[in-house]
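The structure under discussion appears below in the form of structure tokens.
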Amino acid sequence: MRLKFAHSPLLSQPLPAWRARLLQGLLLAAFAALIGRSLFLQGIHNDFLQKKGESRYERVIEISATRGRILDRHGDVLAVSTPVKSVWAIPEDARLSPAQARALAPLLDMEVRELNRKLSSEKDFVFLKRQIPPEQADRIAALDLPGIHQQREYRRYYPAGDVMAHVIGFTGVEDAGQEGVELALNQELSGKPGSRRVIKDRRGQIVEDVESIKSPVEGRDVSLALDSKIQYLAYSHLKQAITDNKAKAGGIVVLDAKSGEVLALANLPTYNPNNRVKLAGAQLRNRAFTDTFEPGSTMKPFTAALALDKGKFRFDTPIQTAPGKLTIGSATISDAHAHGVLTVAEVIQKSSNVGISKIALTFPPQEMWAMFDSMGFGQPLKLGFPGEVGGRLRPAKNWRPIEQATMSYGHGISVTLIQLARAYMAFARDGDLAPLSLTRLDASATMGQSVFSAQTAREVRAMLELAVLPGGTAPKAQIPGYRVAGKTGTAHKIEGGAYADKYVSSFVGFAPASDPRLIVAVMIDEPGGKAHYGGDVAAPVFAQVMAGGLRTLGVAPDAPLKPLQMASVPKEIR
Amino acid sequence: MARLNLILLLVAVIFALAAVSSSHRARKLFIGLENEQKRMRELDIEWSQLQLEQSTWANHARVEKIARDKLAMRPPAAGRIISVEAQ
């Protein structure tokens, strides 16, 4: 007989009451443990789980910062970073059909054979082409080929190319400045990439900002003092002069006499900063800053200014220069052309070595040294350019009389072109020297440090004007419509410790002489043609650049044009 | 008492729904902002490329070449300049 469960005799047995209570207690305890654990996880010790959860949908993204642009004083772009694409491949994944390879190769500007060679490489990663324009990259992306990828990079472009190469410089890998302004002002130009933590939804869209870990710092734009039009004039005329005179190298600096801004600076030979494959050391040299040379006669006005400033000489004090030779110790100083009695002004005008030496020897060496030092010779300008040098100015206590005499006409002392240009500022600005600036200044005039009296500066200016007029050394520096003042220099080069038959021709001057606005310094290294005098080689460059510069800046003429034509103003524009 | 609780429950539900909808709206607006910022960056890039293009076309060497060769222009000789006196 089957026994029904309900009638099981086991059930009728009485159970002890503690068993039910025990069970109840156990269940309750388990429940309490669960509640406790969940409280612990949710409320008290929740950091770990929270972190795990967030990591499922939180992302840290890099925010790139672009390098600032370099602009000229009118806002024209001289250097700009723009994104480009680089195409790379994983050769193992990139199994292209012949048709695909034929489509891809022309987009990469390469032969099909070369492409196949790159794709059959053993490496895991090959760059097919770096830094291609975005449109080209888009067309490659549209082909949708397996194993071909792109990545974004920044590339710096220099639209002015070789014209401004030495001033602007360039950046290297990692977008850091290596030369020129790019290095000098790297701090301001470079940006700092940042990062932030965000929440992304399942479609990959950012839905919430959690925190900004590091905010990016965009590179700041830099406005240079450079005027790209004057720079182009300076560069093209210098280039022409170097070709015409078969010279080895050259440099030119244009300064604003009022503010001390560097309006143009060019060196030759130069290079194209956008394509630096074949770069040689000579091309890279920023001569105006890094090469010192013996300036020759362009130094004479400083000694003349000292003579006038100390009151020992006057504008018209006569000096005997005949017979064009002066022997000091064992050495003899001579003039290119012998003159008779000259006034101080004529010594500058005719560029007499004997005359200026006689003036120089009336001063103790210490006084002359102090004058050269106050003009900034012997110490770098500290504008931040790489390789900036100060030139050579030996301490006065070692000077022998012959050295003191040769220094007065620019031998035995070496300077850079930019130092020389800056020193002439003292004559262009009533005796004070302002600091130079590579960046645009908003004030129109800069305060300077006085080195000569205003009277001295005006008198030297008048002497320098004579040097450019007929009877002076540089009539080729004249500009129609403007009064010009300046000084030529023709110095022998030193080779192996002795003066060689090679020259450095230079011209430094300013205009308009009635109220100088621009200072132009030109240096031409080893002119190989028939002419080698500064008045024949460097002065014409000065005149062309100065004329163009004054016209560009709209400076009013201060001399009559010959023949002068005047027109009556039509009624409409009155 | 039960009535008050019911009303409070209703209020709680309404506010909970409002919170959900406003957080949804906030996210939508945030996505919009992100997109606009992305567009801003793209326009910035395009601007720099256009500037680059402009300065390439306006290159002084190019302008001079066209002026001299194509348009047969040259700077006037000093004698041919007429200065107009301001009144």
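The values are calculated or read from the model by the stated rules, or taken from the named source; none is laboratory data. Bear in mind that the values here come from a model prediction, so they are computed numbers and not experimental data. Positions of Cβ are backbone-derived with ideal geometry, glycine not excepted, and every protein chain shown enters the neighbour counts.
Some notes on this structure:
Yes or no, residue by residue, for (1) loosely packed, with under 14 Cβ neighbours inside 10 Å; (2) over 27 Å from A:GLY68 (Cβ atoms); (3) within 14 Å of chain B (Cβ to nearest Cβ); (4) among the polar types (S, T, N, Q):
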site	(1), (2), (3), (4)
A:LEU128	no, yes, no, no
A:GLU135	yes, no, yes, no
A:ALA142	yes, yes, no, no
A:HIS149	no, yes, no, no
A:TYR158	no, no, yes, no
A:ASP162	no, no, yes, no
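- Check on A:VAL60, within 14 Å of chain B (Cβ to nearest Cβ), in contact (Cβ under 8 Å) with a residue 24 or more places away in the chain and either under 17 Å from the mean Cα position of the chain (by Cα) or not in a loop (DSSP other than H, G, I, E, B) (or both): no
- Residues in the stretch A:387-401 that are more than 30 Å from A:VAL181 (Cβ to Cβ) and free of Cβ contacts under 8 Å to residues at least 40 places away in the same chain: A:ARG394, A:PRO395, A:ALA396, A:LYS397, A:ASN398, A:TRP399.
One line per residue, one yes/no per condition, for (1) at pLDDT below 90; (2) outside the structural domain of A:GLY549 (by TED's automatic domain parsing); (3) surrounded by fewer than 24 Cβ atoms within 10 Å (Cβ to Cβ):
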site: A:SER437; (1), (2), (3): yes, no, yes
site: A:MET447; (1), (2), (3): yes, no, yes
site: A:THR473; (1), (2), (3): yes, no, no
site: A:ALA477; (1), (2), (3): yes, no, no
site: A:LEU518; (1), (2), (3): no, no, no
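- Subset of the stretch A:200-248 [of a type in the set (A, V, I, L, M), within 30 Å of the chain's Cα centre (by Cα) and more than 13 Å from chain B (Cβ to nearest Cβ)]: A:VAL217, A:VAL222, A:LEU224, A:ALA225, A:LEU238, A:ALA241, A:ILE242, A:ALA247
- A:VAL87 vs. criteria among the β-branched types (Val, Ile, Thr), in contact (Cβ under 8 Å) with a residue 40 or more places away in the chain and closer than 30 Å to A:VAL222 by Cα: no
- Identity of the residue in the stretch A:268-291, surrounded by 17 or more Cβ atoms within 10 Å (Cβ to Cβ) and of a type in the set (Val, Ile, Thr), that ends up modelled with the lowest pLDDT: A:THR290
- Whichever residue in the stretch B:27-83 is closer than 15 Å to A:VAL80 by Cβ and of a type in the set (Phe, Trp, Tyr) and, among such residues, is nearest to the chain's Cα centre (by Cα): B:TRP47
- Looking across the stretch B:51-74, the residues that are of a type outside the set (Val, Ile, Thr), part of a helix (DSSP H, G or I) and at the interface with chain A (Cβ under 10 Å from one of its Cβ atoms) come down to B:GLN51, B:LEU52, B:GLU53, B:GLN54, B:SER55, B:TRP57, B:HIS60, B:ALA61, B:GLU64.
- Checked against the criterion of being within 17 Å of A:LEU268 (Cβ to Cβ), in contact with a helix residue (DSSP H, G or I) (Cβ under 6 Å, 6 or more places away or on another chain) and assigned to a strand (DSSP E or B), the stretch A:226-240 contains not a single residue that satisfies it.
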